[in-house]
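All of the numbers you see were taken from the coordinates with simple rules; none came from a lab. If you're wondering where the values come from, they're calculated on a predicted model, not measured in any experiment. Because the Cβ atoms are built from the backbone with ideal geometry, glycine has one as well, and the counts that use them run over all protein chains shown.
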Amino acid sequence: GNSVTQMEGPVTLSEEAFLTINCTYTATGYPSLFWYVQYPGEGLQLLLKATKADDKGSNKGFEATYRKETTSFHLEKGSVQVSDSAVYFCALGHGANTDKLIFGTGTRLQVFP
Amino acid sequence: EPEVTQTPSHQVTQMGQEVILRCVPISNHLYFYWYRQILGQKVEFLVSFYNNEISEKSEIFDDQFSVERPDGSNFTLKIRSTKLEDSAMYFCASSASQVGSFEQYFGPGTRLTVT
């Protein structure tokens with residue numbers, strides 16, 4: 001079945017470091033891919049999305065490219081800030097007969113000054 | 001900015017008791033969802049709801065679970081007889097549309113602890 005695999009956390013970085021959080025997926029057909037972020041005490045917020053192969057989603061300095069050949073959707077940011085500390089979830093939406101989202105386990109990012 | 005709200009933020013209950021988790025979706029949204037996350041595990045889909053009926057449910061969503069939209073604003077998840085393994089964070093979400101972007105907006109969650 002469809003699934004999402006994320007790298008284990010926590011990821012600990014100093015401010016202004018480069019961030020990569022890996023996400024790979026297994027799905028038939030052409031899913032949409034998402035990154036959600038959860039700040040402490042808050043709900044899941046959509047960070048960015050891509051709906052077809054080679055699309056790049058971007059928001060708040062974060063980027064992720066939908067790579068069908070490697071079934072990946074890695075999240076990157078060139079220079080992280082302390083305020084980016086949160087849990088990041090990769091998710092897959094398959095469309096067709098379902099609108100449920102399939103999530104990865106989440107990766108906690110901790111950024112220190 | 002409109003947001004999904006959930007109450008309570010934390011619910012502690014004894015095994016076998018009934019609990020109702022409440023959600024207020026974004027007002028013009030038509031599609032409603034419940035997900036849960038057991039500590040340290042993935043966020044899992046439970047159920048989707050549209051036009052006053054369940055449109056899809058997972059294998060987790062057995063006869064102990066039910067959902068309801070009792071009025072124009074609330075969306076509830078009821079667990080009739082809680083088990084220890086129901087302890088989890090429960091997220092409500094809503095969406096304006098089913099097709100296309102799948103932009104589901106999530107609430108902050110209710111942490112359910114079953115003792």
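Listed here are the pairs B:K42/B:K78; A:K68/B:K83; A:K60/B:K78; which of them are more than 29 Å apart at the Cα?
Violating the 29 Å Cα-Cα cut-off are A:K68/B:K83; A:K60/B:K78.
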Ranked packing of A:82-92, B:68-78, A:61-71, most packed first, by mean Cβ within 10 Å: A:82-92, A:61-71, B:68-78
Between region B:1-36 and region B:40-115, the Cα center-to-center distance that results, in Å: 7
Scattering curve values for the protein assembly as shown, log₁₀ I(q)/I(0), Debye with Cα scatterers, q = 0.11, 0.15, 0.18 Å⁻¹: -0.55, -1.00, -1.35
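Step by step: find N for chain B, compute 2.2 N^0.38 Å, then divide the Cα radius of gyration by it. What's the final number?
Rounded to two decimals, the normalised Rg is 1.00.
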Averaged over A:32-44, number of beta-carbon atoms from partner chains that fall within 10 Å: 4
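For region A:30-98, just run the numbers: alpha carbon Rg, then divide by 2.2 N^0.38 Å, N being how many residues it has.
Relative to the 2.2 N^0.38 Å estimate, region A:30-98 comes out at 1.14.
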Peptide B:104-115 - average C-beta neighbours from other chains (10 Å radius): 3
Cα-based shape type of region A:1-67, given that a ≥ b ≥ c are square roots of the gyration tensor eigenvalues and the cut on a/c is 1.5: prolate
